[in-house]
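One structure below.
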């Protein structure tokens, strides 16, 4: 029970990596708030958590909206009495070059991925300070450091998340609030399947993706959740400002980049 009696917010927690994190954190004793813009999948995820005996609520949230985030934090404290852990997991992605990305598309990706992490962290920190401790985990991506063609907005947003992680770790350390990031590579989630289906040759893309994995498989959502659990728990009490690659070794692999075009 590594998170016993803790209160955790998981943004984008209604499916994929977020849902896996919410389930794992709940089984480790945390009360769970799923913050998601999708009310249908959010409520379904809550039902799944409650089936496992996890104390959880869904709060409909647009993380790119300041008013919505303020409401999220307010309702979390109102329901559970405080806040200990924030996982900034909400994300959207488009696969376009900078030249082909519209200003509206750029704003949407940066708004959810980067501004969302900023807003949730900004309003979570004062509540964590009241508890005299806290942990923020930003789910970034290997795209923060390495990328492939036509991921301009997504790569920029994830690179910004790791920079924000480092900076906030310095500012929040005096309050015993730790800020870290995980950098997944390819993960078996609905977002991955949606991305693959929009490629010119999905079958070839899947083949190349699997061939590129040193461990011979793509990550599961639980692989990422385990890393987030470690960083959120007291086992990582002296870890802050760190970006943890959870990529099966792809970060250190010397090979030509994936060529999906």
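The values are calculated or read from the model by the stated rules, or taken from the named source; none is laboratory data. All values derive from a computational prediction rather than experimental measurement. Virtual Cβ from ideal backbone geometry, glycine too; neighbours counted across all protein chains shown.
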Q: Mind listing just one residue for me: the one in region 189-232 that is at pLDDT below 90 and closer than 18 Å to residue 90 by Cα and, of those, surrounded by the fewest Cβ atoms within 10 Å (Cβ to Cβ)?
A: 194
Q. Can we say residue 38 is in contact with a helix residue (DSSP H, G or I) (Cβ under 9 Å, 6 or more places away or on another chain) and more than 14 Å from residue 3 (Cα to Cα)?
A. no
Q) With respect to the numbered conditions (1) more than 21 Å from the chain's Cα centre (by Cα); (2) modelled with pLDDT of 95 or more, which one is the sole condition not fulfilled by residue 117? A) (1)
Q. Got at least one residue in region 23-35 being closer than 13 Å to residue 90 by Cβ, in a helix (DSSP H, G or I) and out of contact with any strand residue (DSSP E or B) (no Cβ under 6 Å at 6 or more places or on another chain)?
A. no
Q.
Take residue 5 and tell me if it is out of contact with any strand residue (DSSP E or B) (no Cβ under 9 Å at 6 or more places or on another chain) and closer than 22 Å to residue 233 by Cβ.
A. no
Q: Pick out the one residue from 84, 36, 55 that is farther than 13 Å from residue 19 by Cβ, surrounded by 14 or more Cβ atoms within 10 Å (Cβ to Cβ), touching a residue at least 12 places away in the same chain (Cβ under 8 Å) and under 19 Å from the mean Cα position of the chain (by Cα).
A: 84
Q: Determine which single condition residue 157 fails, assuming it passes every other condition in (1) modelled with pLDDT of 95 or more; (2) under 25 Å from residue 2 (Cα atoms); (3) under 17 Å from the mean Cα position of the chain (by Cα).
A: (2)
Q. Is region 4-17 home to any residue that is at pLDDT 95 or above, over 28 Å from residue 186 (Cβ atoms) and buried (at least 20 other Cβ atoms within 10 Å of the Cβ)?
A. yes
Q) From the list 169, 156, which one is touching a strand residue (DSSP E or B) at 6+ places or on another chain (Cβ under 6 Å), touching a residue at least 40 places away in the same chain (Cβ under 8 Å) and surrounded by fewer than 21 Cβ atoms within 10 Å (Cβ to Cβ)? A) 169
Q: Could you please tell me which pairs satisfy a Cβ distance under 9 Å, a separation of 6+ or placement on different chains, a first residue in region 215-239 that is at positive phi, and a second residue that is modelled with pLDDT under 95 and assigned to a helix (DSSP H, G or I)?
A: 216/210
Q) Within region 236-248, is there a residue that is assigned to a helix (DSSP H, G or I) and at pLDDT 90 or above? A) yes
Q) Does residue 116 count as under 20 Å from residue 168 (Cα atoms), in a helix (DSSP H, G or I) and touching a residue at least 60 places away in the same chain (Cβ under 8 Å)? A) yes
Q: Kindly establish whether residue 43 is at pLDDT 95 or above, surrounded by 14 or more Cβ atoms within 10 Å (Cβ to Cβ) and more than 23 Å from residue 133 (Cα to Cα).
A: yes
Q: Quick one: residue 69 ticks every box in (1) touching a strand residue (DSSP E or B) at 6+ places or on another chain (Cβ under 8 Å); (2) part of a helix (DSSP H, G or I); (3) crowded, with 24+ Cβ neighbours inside 10 Å except a single one, so which number is it?
A: (1)
